[in-house]
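Here's the structure we're looking at; comments come further down.
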Amino acid sequence: MKKFLALSIAAFALVFAVPQVLSAADDAATIKKNMAERKPKIETLKKAGSIGENKSGYLEAMKDAKLEDADKTLIEDENKDRKAVYAAIAKKEGSTVEHVGELRAKQIRSKAAEGEFIQGEDGKWVKAPKPAEKKDEKKEK
Amino acid sequence: MKKFLPIIAAAAVLLGFGATACIRTQSEVDVKPIEIKPVHITLDINIKIEKALDDFFGDLDAL
């Protein structure tokens with residue numbers, strides 16, 4: 001009877017626990033893969049000035065931007081995946097999704113290509129300067 | 001005079017005890033608890049978060 005109970009518990013754990021552990025890693029790999037696939041299109045939209053990076057760490061359509069439904073879906077999917085990543089990191093480090101997003105936004109701003117729309121911490125939308133100018137700004141600060 | 005010497009000695013000893021009884025010393029050692037200021041904790045967490053973001057997005061940003 002004891003053996004049967006032990007085997008039952010082990011089987012239960014295998015059926016329910018292991019897939020949950022695997023699925024978390026699979027989710028991260030899937031998200032990364034999807035983000036890599038979306039990146040070229042996102043870069044195109046950024047260069048066109050249709051979308052920008054907001055201060056919360058998400059993509060945002062610019063005013064008067066004419067986006068196709070497919071582009072809107074792409075932005076939504078990208079933001080959804082970003083939020084999932086931020087949530088995972090926030091849970092791990094004991095922070096909030098919002099704070100992780102803000103820190104990611106800061107990283108994105110520092111790496112933004114010239115001319116892309118980025119939202120500063122003050123909420124103002126600006127075009128990213130040349131990389132050399134960014135270094136000068138850092139020195140001035 | 002010699003008769004009074006023991007009395008004087010005894011009186012001196014008693015006065016000495018009395019003096020030490022009156023002299024009180026007190027010392028206090030302040031042991032302050034160790035404080036970890038909130039600013040330091042925030043900075044540590046931010047560093048960890050930034051590293052986690054770099055670990056995940058590093059490859060993607062390099063594309």
Packing-based exposure ordering (other Cβ within 10 Å, fewest first) of A:D64, A:D71: A:D64, A:D71
Taking the Cβ-Cβ separation of A:A113 and A:T30 as r and a Förster radius of 35 Å, what is the calculated FRET efficiency to the nearest 0.05? 0.85
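Arranged by the count of other C-beta atoms within 10 angstrom, fewest first, what order do B:V29, A:V126, A:V100 take?
Neighbour counts put them in this order, fewest first: B:V29, A:V126, A:V100.
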Rounded to the nearest 0.05, what FRET efficiency is calculated for B:L5 and B:K32 with R0 set to 45 Å and r the Cβ-Cβ distance? 0.25
Which ordering of A:E37, A:E93 is given by a fewest-first count of other beta-carbon atoms within 10 Å? A:E37, A:E93
Could you tell me how far the Cα centroid of the range A:63-87 sits from the Cα centroid of the range A:25-58, in Å? 8 Å
Using the basic label-point model (7 angstrom from Cα toward the beta carbon), what is the A:K72 to A:A87 distance in nanometres? 2.3 nm
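Computed from the coordinates by the stated procedures, all read-outs in this text should not be read as laboratory data. Please read all numbers here as calculations on a predicted model, not as lab measurements. Every residue, glycine among them, receives a Cβ derived from its backbone with ideal geometry; neighbour counts consider all protein chains shown.
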